[in-house]
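Notes for the one structure printed next.
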Amino acid sequence: MKLRTALFAVFSIFSTSTISFAQLTHKEQVFQTVKNYALATACRTTFEESEENNYGNPEDTIYISYTTTDHVYLGNNRYFVLWGGFDGCSIAATGENYTYQLTEVEYNENANRFLISFPTIIEGVTGEGFFTLANIDRFEELNDGIRRTFELYLYMFNEHDVDNEGYLKKSAQPGYYRMVITEDVPNEFSNMYKVVEKNRIDRTN
């Protein structure tokens, strides 16, 4: 009787957690999937409330410091989540190894849940040394049928914004750009992209 009661209790807990997760929207499920991955592989992530992101209420900045469902983007039958952290918890004193990821998530029918298909899909953009995932404001996947193509709205600095030692000047002001990028080498393992279109946008109005 005791064993039966214990098994029923375990089943009840499992069923409750399964139902609870199933009640989440797809966007919320994707968010939780990537959050679990981030917390298992990185430290001081943008999923965590900390002093750096004003404990989940970041001030108005051009870079992502706290990930919410607003940073979950719907693509073509998949989702993308933007987040940052110290990959592998390798925390340097300078903080220069803090990296940002754009993680791809797809629904797997065999697993009956969302799974991560690529931890990060964009490593860099050829010829754009000041490109960073951290400054993406809007993101959309475009479908051209051959290469992976994305439309980005983001803030970027340029060579005039850095001093002789390579640090940003205090007076530096980033520009706001619309960029269309596509795979530099079109194959499923490529995460380097090249620019198709790039326009600076005046946001003063």
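Scanning the stretch 126-156 for residues that are surrounded by 12 or more Cβ atoms within 10 Å (Cβ to Cβ), outside any strand (DSSP E or B) and among the β-branched types (Val, Ile, Thr) yields a total of 2.
Applying a threshold of 7 Å to beta carbon distances and a minimum spacing of six or more residues, or different chains, the list of pairs starting in the stretch 171-186 at a residue that is outside any strand (DSSP E or B) and ending at one that is among the small types (Gly, Ala, Ser) reads 184/190. Counting just the residues of the stretch 102-115 that are under 16 Å from the mean Cα position of the chain (by Cα) and open to solvent by 50 Å² or more (accessible area, probe 1.4 Å), which one comes out farthest from residue 155 (Cα to Cα)? Filtering the stretch 102-115 for residues that are under 16 Å from the mean Cα position of the chain (by Cα) and open to solvent by 50 Å² or more (accessible area, probe 1.4 Å), the one farthest from residue 155 (Cα to Cα) comes out as 115. The criterion of being in contact with a strand residue (DSSP E or B) (Cβ under 9 Å, 6 or more places away or on another chain) and not in a loop (DSSP other than H, G, I, E, B) holds for residue 86. If you check 159, 123, 183 for being farther than 23 Å from residue 46 by Cβ, open to solvent by 80 Å² or more (accessible area, probe 1.4 Å) and charged (D, E, K, R), only one passes: 159. Filtering the stretch 162-180 down to residues that are among the charged types (D, E, K, R) and either touching a Lys or Arg at 6+ places or on another chain (Cβ under 6 Å) or closer than 26 Å to residue 70 by Cα (or both), which residue is surrounded by the fewest Cβ atoms within 10 Å (Cβ to Cβ)? Across the stretch 162-180, the extreme among qualifying residues is 163. Scanning the stretch 1-51 for residues that are part of a helix (DSSP H, G or I), at pLDDT 95 or above and among the aromatic types (Phe, Trp, Tyr) yields 31, 37.
The listed residues are 66, 55, and the only one of them that is in a loop (DSSP other than H, G, I, E, B), surrounded by 15 or more Cβ atoms within 10 Å (Cβ to Cβ) and free of Cβ contacts under 8 Å to residues at least 24 places away in the same chain turns out to be 66.
Every residue, every condition in (1) aliphatic (A, V, I, L, M); (2) in contact (Cβ under 8 Å) with a residue 40 or more places away in the chain, yes or no:
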site	(1), (2)
108	no, no
127	no, yes
139	no, yes
146	yes, yes
155	no, yes
166	no, no
169	no, no
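Taken over the stretch 29-40, the criterion of being touching a residue at least 24 places away in the same chain (Cβ under 8 Å) and either open to solvent by 90 Å² or more (accessible area, probe 1.4 Å) or under 14 Å from the mean Cα position of the chain (by Cα) (or both) is satisfied by 30, 31, 33, 34, 35, 37, 38.
Name the single residue that is surrounded by the most Cβ atoms within 10 Å (Cβ to Cβ) among those in the stretch 74-97 being under 21 Å from residue 174 (Cβ atoms) and within 13 Å of the chain's Cα centre (by Cα). Ranking the candidates gives 83 first.
The values are calculated or read from the model by the stated rules, or taken from the named source; none is laboratory data. Quantities reported herein were computed from a predicted structural model and do not represent experimental measurements. Backbone-built Cβ (ideal geometry, glycine too); neighbour counts: all protein chains shown. Please note that ligands, DNA and RNA were not included when accessible areas were found on the heavy atoms of the full protein model with its side chains. Shrake-Rupley method; radii C 1.70, N 1.55, O 1.52, S 1.80 Å.
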